[in-house]
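For reference, the structure is listed below as structure tokens.
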Amino acid sequence: MTLNLKLYINGEWIESNNPDKQDILNPANQQIIAKAPKATKEETEKAIHMAKTAFESGVWSERTPQERAQTLLEIAEKMEESMDELADLEMQNNGKTRREAQADAAEAANTFRYYAGLLNHPNGQIYEASQDMQTMIVKEPMGVAGLIVPWNFPLLMSVWKMAPALAAGNSIILKPAEITPLTAVKVFELMDQTSLPKGVAHLVMGSGAIVGQTIAESDHVDIVSFTGSTGVGRQIMKAATGNLKKVSLELGGKSPNIIFDDADLETAVDYALFGIFMGAGQVCSSGSRILVQEGIYDKFVTTYVARAKAIKVGPGNEESSEVGAIVSKKHMESILEYIRIGKEEGATLLCGGKRIERDGMEKGFFIEPTVFTDVTSDMRIVREEIFGPVVVIQKFKDEEEAIKLANDTEFGLAGAVFSKDQHKAMRVIQKVRAGITWVNTYHLTNVQAPWGGYKQSGIGRSLGTYGLDEYQETKQINISL
Ligand code: TAP
């Protein structure tokens, strides 16, 4: 059955006036699973207007934190009841494995729970400024939050923004990536059944150029929170200058994974594989540059390549699949083009490098886990974010060279160090210029920890108390005693 999706504006599911629809595909087999609206500029502006009206009415923004927490818990509960459906929709729409989709769905519900919990903690300060004056520092909602998310974690990225933005008392407009709206629709269906007042949350599907740009430009949006590519992040910043709205950006990466001679080889290989091949490499924090010390280099590469060749790539709904599909034909072609460039640049392709078209997988968008060595720092495959199952391995001599190579990038999202020497590991990780880092592990994180990047990987932080702060104004109230 093909679902006919609708916009959710002011608490109603409505057809877009634009007759043109976006086909929503399952990238594992190219089946059309839904048709999504492409909202117009006017429809986007209407959602923004209704969000502003709801904000100013105080229907949500003036509820007590405890009342808002209660609603967030209702949403978490609804999501938990629909966990299997959410995971199934995410798997079908994005192409990830069922295991990955289930983990995302659980973490999404948990994020609503976490922010509900945070609302029951004090959220301000009092200073005794002088004997006759006291200063209160209070947090207030910002107004209308425009939330623009990518296709790689459609559910989790939406919720990472929606939960803290709503917790803070804002009205929200969510714009999912055009090709992956299914889980966002489901979450809005669930929210519609809770005590969240109508008009507070709007779902506007459509293109980045129309819906995204309208949100970023609007004088009635107070914060735009964007996750996506660095190029579009730059455009959003420019578009936001009209009313100088706050801009929060979670962007791309080219993250280093540093493996010293004294690392536990098995652990390092395991996490270096997981670091790049989770989500078929379509993960902003992927460890896409592996830096290996010369003493362990040959052994590491031999073991790593043997393991990469053995990875089972396949449709997400097959239990044996360890790596799923690439999200779209367009993106698959972009990854294959990078592989071609890598070969042309003179890198050595040790495994992978091709689309997988065997065993009935020819209709899906699958790429073999791909490993390049003999790379130099100036190569495009070393410098640019490929966002696919493609990793480069570089050799280094000593600590100093490892840090230099690790930081030789315009990005600063993530990074890791593997060593049994805790002092060295700490010394090096502190020198890595990135916001999300690991020692002797990769990718593992939690909702309490702030998520975001240095340099061109972004501005601001999601999650934790930092994530709530992102969506709040801070006011001082000086009281004469
Ligand atoms: P983008 O092409 O940047 O798209 C992200 C979102 O922005 C989509 O909803 C897109 O809409 C929209 N958009 C496109 N042009 C726009 C414009 N001019 N104004 C406003 N919105 C616009 O990224 P993507 O290809 O979906 O995702 C991959 C990128 O996201 C990678 O670079 C990855 O590193 C990054 N990412 C970063 C993180 C974190 S936490 N740092 C997490 C996930 C992904 P359409 O769908 O219509 O194009």
With label points set 7 Å from each Cα along the Cα-to-Cβ direction at I33 and K404, the distance between them in nm comes to 4.8 nm
Counting only residues 5 or more apart in sequence or on a different chain, those whose built amide H sits under 5 Å from that of K21 are none
With Cα coordinates, the longest principal axis of the chain makes an angle with the long axis of helix 422-431, in degrees rounded to 10, of 60 degrees
Nearest 10, in degrees from 0 to 90: the angle of helix 98-118 to the longest Cα principal axis of the chain is 40 degrees
Charge tally for neighbours of K198 with beta carbon under 12 Å away, counting Lys, Arg as +1 and Asp, Glu as -1, is -2
Distance in nm between D359 and E345 label points, each 7 Å along Cα→Cβ, equals 3.1 nm
For G169, other-chain or 5+-apart residues with amide H closer than 5 Å (H placed, Pro excluded) are none
Counting only DSSP beta bridges fully inside segment 268-406, the antiparallel percentage to nearest 5 is 30 percent
Which of K41/K175; K343/K397; K186/K330 exceed 19 Å between C-alpha atoms? The answer is K343/K397; K186/K330
From the Cα centre of segment 273-290 to that of segment 242-266, the distance in Å is 11 Å
The simple spin-label model distance between H423 and E42, using points 7 Å out along Cα→Cβ, in nm, is 7.1 nm
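Where Lys and Arg each count +1 and Asp and Glu each count -1, what net charge lies around A87 among other residues with Cβ under 12 Å from its Cβ? Present the calculation step by step, with values, prior to reporting the outcome.
Numbers: positive: K96, R98, R99, K186; negative: E80, D84, E85, D88, E90, E100, D104, E107.
Local charge sum for A87: -4.
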antiparallel share of DSSP beta bridges within segment 371-481, to nearest 5, in %, is 35 percent
If each part is reduced to its alpha-carbon centroid, segment 154-180 and segment 360-388 end up apart, in Å, by 30 Å
Residues whose modelled amide H sits under 5 Å from the amide H of S16, counting only those 5 or more places away in sequence or on another chain, are L7
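Cross-link list K21/K139; K52/K475; K161/K404; K161/K254; K96/K198; K245/K424: which exceed 31 angstrom alpha carbon to alpha carbon?
Values: K21/K139 41 Å; K52/K475 21 Å; K161/K404 34 Å; K161/K254 23 Å; K96/K198 33 Å; K245/K424 42 Å.
Cα-Cα > 31 Å for K21/K139; K161/K404; K96/K198; K245/K424; rest within.
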Summed over the other residues with a beta carbon less than 12 angstrom from that of V323, with K and R at +1 and D and E at -1, the charge totals -1
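Quick note: the coordinates plus some simple rules give every number you see, no bench work behind them. Because the structure is predicted, anything quoted here is derived from the model rather than measured. A quick note on method: Cβ atoms are made from the backbone with ideal geometry, for glycine too, and the neighbour counts reach across all protein chains shown.
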